[in-house]
1. Can you name the residue in region 249-264 that is touching a residue at least 60 places away in the same chain (Cβ under 8 Å) and at negative phi and is also farthest from the chain's Cα centre (by Cα) among such residues?
2. Could you grab me the full set of residues in region 177-212 that are touching a helix residue (DSSP H, G or I) at 6+ places or on another chain (Cβ under 8 Å) and small (Gly, Ala, Ser)?
3. Looking at region 2-45, which of the residues that are touching a helix residue (DSSP H, G or I) at 6+ places or on another chain (Cβ under 9 Å) and hydroxyl-bearing (Ser, Thr, Tyr) is surrounded by the fewest Cβ atoms within 10 Å (Cβ to Cβ)?
4. Tell me which residues, restricted to region 212-246, are part of a loop (DSSP other than H, G, I, E, B) and of a type in the set (D, E, K, R).
5. Kindly state which strands (runs of 3 or more DSSP E) lie completely within region 69-172 and contain at least 2 residues that are touching a Gly at 6+ places or on another chain (Cβ under 6 Å) and crowded, with 22+ Cβ neighbours inside 10 Å.
6. Taking residue 201 as meeting all but one of (1) within 25 Å of residue 39 (Cβ to Cβ); (2) in contact with a Phe, Trp or Tyr (Cβ under 6 Å, 6 or more places away or on another chain); (3) assigned to a helix (DSSP H, G or I), write down the number of the exception.
7. Take the conditions part of a loop (DSSP other than H, G, I, E, B), farther than 26 Å from residue 29 by Cβ and modelled with pLDDT of 95 or more and apply them to residue 196. Does it pass?
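The values are calculated or read from the model by the stated rules, or taken from the named source; none is laboratory data. Quick caveat, the model's predicted, so the values are computed rather than measured. Glycine also receives a Cβ, built like all others from the backbone with ideal geometry; neighbour counts cover every protein chain displayed.
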Amino acid sequence: MLDSHCHLAGEEFATDLQEVAARACEAGVKTALCILAAEDGLEVARAPEVRTAWGDGLHFATGIHPHHAGLFAGDMPRAVRIVEEAITASNACAIGEIGLDYHYDFSPRDVQQEVFRAQIRLARRLERPIIIHTREATDDTFAIIREEAEEAGNGGRAVRGVFHCFTGDVEMARRALAIDFYLSYAGILTFPKAESLRGAARITPIDRLLSETDAPYLAPVPFRGKRNEPAYVTRVVQTLADLHGQTPSAMAEHIAVNFTRLFGR
């Protein structure tokens, strides 16, 4: 099994990283994609430590989260430079998580949009997929992807990518699938009141599914309220398997193929 999105370089795992990795291995989770905040030099610097703790099967992605986009207001060249440096330092296979978050508005919306666009263009130039974070910004997120695709002039496809921790409904899922993006489901899928989300997962083709924890956030049932970790992705895979009439092992194999197809790892 694999965890396609976790934050193992964060402070939340600083004291027991090896134990977390060992529990993941014991649960059969061999592959993980660790997200590094490009603007956070400490997270990027921790990448070798995380790789050592996990061993083979750990990969990295890096980018500027919309919460931190305000740090780069009026200076997109610096934003791009910092992401490029973080990609080089960590050998990142994707740019993310990037996007728009209008729930907290920690960064001005216009700046979020500028930083999002700049990173999409960087991803296109470097031929890396993107990992999208979008919250209460669905229409603007799709509009920017569409506009960047039109700017690229390649038939409507600017970049490949995934909507991470997908929490949308069937309509949003279909919009994402229509532009050939993947949908990654996290622990929210297991919550009792998440029937609308499970409806979206049901209509997501098996060849577009990914599983994640978003650890340390959003632990699945029955660990809800605790710190999340990669071992718990098994609960997400089980739920996806149930929704698609698959065994967990078969679903895990499909997800592994999808991960390799998207990220090349």
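1. 252
2. Selection gives 186, 187, 194, 196, 199, 200, 201, 211.
3. Checking each candidate, the answer is 31.
4. If the condition is that a residue be part of a loop (DSSP other than H, G, I, E, B) and of a type in the set (D, E, K, R), then 212, 214, 224, 226, 227, 229 are the ones that fit.
5. Filter on region 69-172 gives 94-101, 130-135.
6. For residue 201, the failing item is (1).
7. Spelling it out, it is not the case that residue 196 is part of a loop (DSSP other than H, G, I, E, B), farther than 26 Å from residue 29 by Cβ and modelled with pLDDT of 95 or more.
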